[in-house]
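Here is the structure we will look at.
The values are calculated or read from the model by the stated rules, or taken from the named source; none is laboratory data. Because the structure is a prediction, the values reported are computed rather than measured. Glycine also receives a Cβ, built like all others from the backbone with ideal geometry; neighbour counts cover every protein chain displayed. Protein only, heavy atoms only, side chains kept; ligands, DNA and RNA dropped before computing areas. Shrake-Rupley method; radii C 1.70, N 1.55, O 1.52, S 1.80 Å.
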Amino acid sequence: MEKLKLFIIAGEKSGDNHASALLSEIQKYAETEVSGTGGAGLKALGQKQFYDINEMNAIGIDEAIRKLPFLLKVRDRLVAEIKQNRPDAVILVDYPGFNLRFAGYAKELGIPVIFYISPTFWAWHYSRVKKLRQFCDLVLCIYPFEPEMLKKEGVNAVYVGNPLKKQINIKCADMSEFLAKGNFSGEKPVIGLLPGSRRREVESLLPVMVETAKALPMYDYVIGVADTIDEGRVRELIKGTQIRLATGLTHDIMKYSHLLWICSGTATLEAAIIGTPMVLMYRTGALTYALGQFIVRTKYIGMPNIIMKKAVIPELIQGDANARNLANFTKKIEDSYETVKADLKTVGDYFPDTDASAEAAKEIYSFLKNPSEGN
């Protein structure tokens, strides 16, 4: 079996999930020597990590500005690494703010650049299309409408399917097992709390969720804790409540909860594919939000709503993400519960049962074997 030297950059938890699933498929084609940045998933597959995702997380422009000196240091270190060791390809996974800039440096060095999970240029920051065209040799898309849009702009783009469907991992066999694990009586509906995989998200959203839970005693509550979050801090925030804490059961919480209070991001699409009604919450820095008003091209921020082109799920953003609104919209979902579930089924049906990681690996291997065919 031949050997591929790959440099992979993932900058957050979801990126590490996607990148590790992709790498495991690439390793079916060739032995790999992998370096770059990532999390536990990539590390388990042998990646030599110069930086961990927990160091690289930055939500919004405000936090990115505060982290700029560190991120510049990261950039310089990683550029030096690819210059010295010259991988067969640089694979950039999501994390577009950093990765699109890094793509330019790799391109200057003549190293093939592959971008997996195209930036959502159609929702905001359309100017990123120019960088995709200039710096990326192959762009792998997870939404079926993206390749046609990108090809019109001169980008070599391919649709590989959405990886979320295959990555959903339900561990409990049924509702009874889930209730037993949480020590729930089953007499009350369960609301799942998913406040995000970044510390800033949890600090911002979880107190609102806790306050609302205290006001709605007719439910049981369970919170899913991402492995990127300090469990001790979460325990502090839920202290004195009846909220259960679960680790490693995020998708079970999505499936078996009656409804979800959930941070905006990848998790909303996962929950939509599973089919559980939810209230989306999002808070970011004031500067990020203000600038976003000028560059966002869509009416909604939640992917279920963007796909359906209507407010299938409520979106509580910035100051609207408060306990009163969360309680009110929870009741509204209850009043139209089956309609919401039907709409979410449509969202789930939008994506074919393609193994996106396997398709992406096949495209990458084919491209590296015959790079001229992709141009």
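Some points to look at:
- Accessible area per residue, Å², region 134-184 with all protein chains present, probe 1.4 Å: 47 Å²
- ARG283 exposes around 80 Å² of accessible area when a 1.4 Å probe is run over every protein chain in place.
- Magnitude of the charge dipole for region 28-131, about its Cα centre and with charges confined to Cβ atoms of Lys, Arg (+1) and Asp, Glu (-1), is about 260 debye.
- Normalised by residue number, the volume inside the convex hull of the Cα atoms of the chain is 136 Å³ per residue.
- Residue order for GLU270, GLU236, GLU334, GLU187 - accessible surface, 1.4 angstrom probe, largest first: GLU187, GLU236, GLU334, GLU270
- Sequence of ASP16, ASP335 when ordered by accessible area, the most exposed leading, probe 1.4 angstrom: ASP335, ASP16
- Using alpha-carbon coordinates, inclination of helix 356-369 to the longest axis of the chain, degrees: 10 degrees
- Per residue, the accessible area of region 197-343 comes to 45 Å², computed with a 1.4 Å probe over protein heavy atoms only.
- In nm, spacing of pseudo-spin labels at GLU33 and GLU236 (7 Å Cα→C-beta vector): 4.4 nm
- 0 to 90° range, to nearest 10: angle between helix 286-295 axis and the chain longest Cα axis: 60 degrees
- Across the accessible surface of region 1-110, with the other protein chains kept in place and a 1.4 Å probe, carbon and sulfur atoms take up 50 percent.
- Surface composition of region 125-180: carbon and sulfur make up 51 percent of the accessible area, probe 1.4 Å.
- Region 209-267, accessible surface, carbon-and-sulfur percent (1.4 angstrom probe): 48 percent
- Applying 1/(1 + (r/R0)^6) with R0 = 51 Å to the Cβ-Cβ distance of LYS83 and THR247 gives a FRET efficiency near 0.80.
- Rounded accessible area per residue of region 69-126, 1.4 Å, Å²: 41 Å²
- With Cα atoms, 0 to 90° folded angle of helix 323-335 axis to the chain main axis: 80 degrees
- Computed over protein heavy atoms with a 1.4 angstrom probe, the accessible surface ordering of LYS83, LYS362, largest first, is LYS83, LYS362.
- Listed residue (ALA180, SER204, LEU72) projecting farthest to the positive dipole end of the chain, Cβ model: LEU72
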